[in-house]
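Below is one structure; the comments refer to it alone.
The values are calculated or read from the model by the stated rules, or taken from the named source; none is laboratory data. Given the structure is predicted, the values throughout are model-derived calculations rather than measurements. Cβ atoms come from the backbone with ideal geometry, glycine included; neighbour counts cover every protein chain shown. Please note that ligands, DNA and RNA were not included when accessible areas were found on the heavy atoms of the full protein model with its side chains. Shrake-Rupley method; radii C 1.70, N 1.55, O 1.52, S 1.80 Å.
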Amino acid sequence: MNSALQSILKDPRIWRADEENHQQRSLETGLAGLDALLPGGGWPLAALSEVLLPETGSSELRVLLPGLARQTSGDGWAALVSPPLLPCATALAAQGVNLSRLLLVESSADRLWAAEQILRSGQCRLLICWPGKISARQKHRLQLAAEHGDSCCIAVLADSRNAASSAALKLRLYSGADGLHLHILKNRGGRPGRECLLPHV
Amino acid sequence: MSEPANSKGELWLALHLPLLGLDLLQLSSAHAPAACLYEGENKHQRVWLGNSRARRCGIVPGMALKAALAQCPDLQTYPRRADAEQSRLEQLALICLDFSSRISLEPPQGLLLEVGASARLWQTKFLRRHLQGLLREQGHIVYTALHETPTGALLLARSRQNRPAQIPLGAFPVDAGITRKLARIGVHTLNDYLTLPEKDRMLRFGPELEQMALKILGRLPDPRRNWRPPCRFRRTLELEYETASAGQLLFYARRLLDELDEALAQTCSAVQQLHWIFHHYRRAPTRHQQQLLHPGRDMSRISLLLHEQLERLPLPASVEKITLQVNRFWPKAADSLSLLRDMGQNIDAIEPLLEKLQARLGAQAVYQLRALPDHRPELAWARVAPGKATPPPDQLPPRPLWLLPQPRKLSSIRSFRHWRGPERIASGWWEDDIRRDYYRARHRSGVTYWLYHHAGEWFIHGVFG
């Protein structure tokens, strides 16, 4: 293979079927159906992921909690930055989240700053933030901070169809009659457009 | 006299600072203009101490200030500040703490160190010279002496003699009348005094002198109070020019932190709370309190935090002085490395991050949750400061993932389907009257909510997601 082709193949935008699942490091989502669809088998590390849904403060925790439980079960820390409602301590503990390893930060004006600091410190492997309105530039900053701290940043956003972003993974949640659908809109290093289903409880 | 340690193995090094008060004013050198310190009020002002040029003009301690001025009209006079001298002695004692743990302050002008215990580590001769050098660097004139007894060492240093027998009686801190009386009968030194019949000495010249002589001979115990470094810190730094810029203030604050670090090192302590006071010209000072999660001594971390806070601290005017005050020193935990690094609840690594977040967002904004064993949702959780371990309760009723801070009233429940419940949640009769029937129901949008019925109205209290 000549060197020009080599350099093209190193470009992360080039997807190669035979190298699927090989390069991306990740944190398990804890949902087997979702893990199977993601290139690294989980939330991508050192990257920004977006979870889109019609209204924040509803079904996102169902998708995020299993991963949160795995992350906090050992020595690792996880953080929630400016959640729209109060996460219920009892429910979190019941789902296996170790509350003593979960940090909550409440701030509206400085939430992006706080998220960036936490990501850059590299102390929290998993950070979930509800940034509200966020520009592409701010997303890029979160992406850079996640790369710097080698951590995983998940931004939960109200659904907006055409928002540009540098996120490695974009996931849309919507409720159907049979349960909660997780639709992969963008999947760096994997195949987009697939979806999985979480049945209603 | 040689320097053998006595039976207890003690050897005392005395430091005598004859011009301490003038050292503070930088008037003690031979080139300084004639100057003296005085004590007393109004008519009773008397010379306390004069520098070498003043002495050459005939100024001696104890003479009336007016007489001194008449004798030497160029004489500069300053009131004596005993408190400043005392705090200077304490600062010097801090330096000496590197060489001995037994230090005694001997105001007004002396310090005593027990060096026998470390004689094997330090050659005493070298130590003596080294300390002399250190104190000279601090701008002091210092005389030193070694003796097995504290009193002996002090008096040797004060009189600049080598052997106790030669100490002039004038060097003893006793009533001048007694020494004059002794001088009249030809008794000038300690040796002369000791040749007098032992029985008569006390009767004729009083117990004070006799006791000191016996202490020097080692026949009377001579206990000294061990000086302990203060477990407080307060230092004020006057800025070279007034400024309100955070960067410049930080520069000066770092100097104070360096001093604090030194004080902490000397006492093996750590700090948790730092009070900063920024003084303005003719205005109430701005106060700022810095709180660390745990006692620590990492000054670079503290100064990083301060940087964060200074940029957000509203200052009404430019600052002319900065005071740093620490009211409590904490014993410093030994730095230990765990053999099994990943075991246990070690939160040290995340601490700097938590402090940084709290510094900007406030302590309330950074927290952890704690689940409590209570069936009422309002009381089933608590906020705790980060880093506090929280064992979860055993019995956990099924609860929604989100709670609304306040239950929200619903106008209609028509769009809800798939009802399940109810669960009755009621408080005891001795508490607030809560009696609610909770249901789970799915909204048309597909989201499952936690609703309750109370007094004919429906409320949303949580979201299952």
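Tabulated data for the structure shown
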| read-out | value |
| --- | --- |
| Whole-angstrom gap from the range A:34-48 to the range B:90-111, using each part's C-alpha centre | 64 |
| Unit Cα scatterers, Debye sum, the range A:64-105: log10 I(q)/I(0) for q = 0.20, 0.27 Å⁻¹ | -0.53, -0.97 |
| Where the Cα pairs of the range B:1-227 fall when distances are cut into 10 Å bins, in % | 8, 29, 32, 24, 6, 0 |
| Within the range B:240-278: backbone nitrogen closer than 17 Å to the B:Asn327 label point (7 Å, Cα to C-beta) | B:271-278 |
| Charge tally in the Cβ shell below 15 Å around B:Ile141, where Lys, Arg are +1 and Asp, Glu are -1, B:Ile141 excluded | +3 |
| Modelled FRET efficiency - R0 56 Å, B:Ile178 with A:Ser108, Cβ distances, 0.05 increments | 0.10 |
| Cross-link pairs B:Lys215/B:Lys332; B:Lys66/B:Lys215; B:Lys43/B:Lys181 - those with Cα-Cα distance over 32 Å | B:Lys215/B:Lys332; B:Lys66/B:Lys215 |
| Intensity falloff of the range B:233-331 expressed as log10 I(q)/I(0), Debye formula with alpha-carbon point scatterers, at q = 0.10, 0.17, 0.19 Å⁻¹ | -0.24, -0.70, -0.87 |
| DSSP-defined beta bridges in the protein assembly as shown - what % are antiparallel, rounded to 5 | 75 |
| Counted charge near B:Leu315, where neighbours are those whose Cβ lies closer than 15 Å (Asp, Glu -1; Lys, Arg +1) | +2 |
| Total formal charge among the other residues, if their Cβ is under 15 angstrom from that of B:Leu237, Lys/Arg +1 and Asp/Glu -1 | -3 |
| Mean projected area (nm²) of the alpha-carbon convex hull when the range B:1-118 is viewed from all directions | 9.2 |
| Computed FRET value (nearest 0.05) for B:Arg81 with B:Glu320, which takes r as the C-beta separation and R₀ as 25 Å | 0.70 |
| Inter-label distance, nm, simple model (7 Å from Cα along the C-beta direction), B:Gln91/B:Thr286 | 2.8 |
| Scaled radius of gyration (Cα, divided by 2.2 N^0.38 Å) that chain A gives | 1.00 |
| Kirkwood-based shape ratio for the range B:166-317, expressed as Rg/Rh from alpha carbons | 1.35 |
| Under 20 Å from the Cα of A:Lys170 - lysines, other chains or at least 8 residues apart | A:Lys133, A:Lys139, A:Lys186 |
| Interface area, B with A, accessible, probe 1.4 Å, both sides summed, Å² nearest 100 | 4000 |
| Shielding by partners, peptide B:363-372 (average Cβ within 10 angstrom, other chains) | 6 |
| Within the range B:1-104, percent of DSSP bridges classed antiparallel, to nearest 5 | 55 |
| Spatial separation of Cα centroids for the range B:405-420 and the range B:231-300, in angstrom | 55 |
| Approximate shape of the protein assembly as shown as ellipsoid semi-axes (Cα gyration tensor, √5λ), whole Å, largest first | 77, 27, 25 |
| Bridge type composition, the range B:1-227 - antiparallel percent by DSSP, nearest 5 | 85 |
| Spin-label zone in the range B:116-135 - amide nitrogen under 18 Å from a point set 7 Å from the Cα of B:Ser101 along the C-beta vector | B:116-122 |
| Quarter of the Cα convex hull surface for chain B, i.e. its orientation-mean projected area (nm²) | 38.6 |
| Isolated Cys in chain B, by beta carbon distance under 4.7 Å | B:Cys36, B:Cys96, B:Cys231, B:Cys268 |
| Length gained when the stretch B:Ala70-B:Gln364 is fully extended (0.36 nm per residue, less Cα-Cα span) | 99.0 nm |
| Cα Rg over Rh - the range B:15-61, Kirkwood | 0.98 |
| For the range B:402-463, the fraction of alpha-carbon pairs in successive 10 Å shells from zero, as % | 22, 55, 19, 4, 0 |
| Between the range A:89-161 and the range B:189-221, the alpha-carbon center distance in angstrom | 81 |
| Label-point separation, B:Asn162 to A:Arg25 (7 Å along Cα→Cβ), nm | 7.3 |
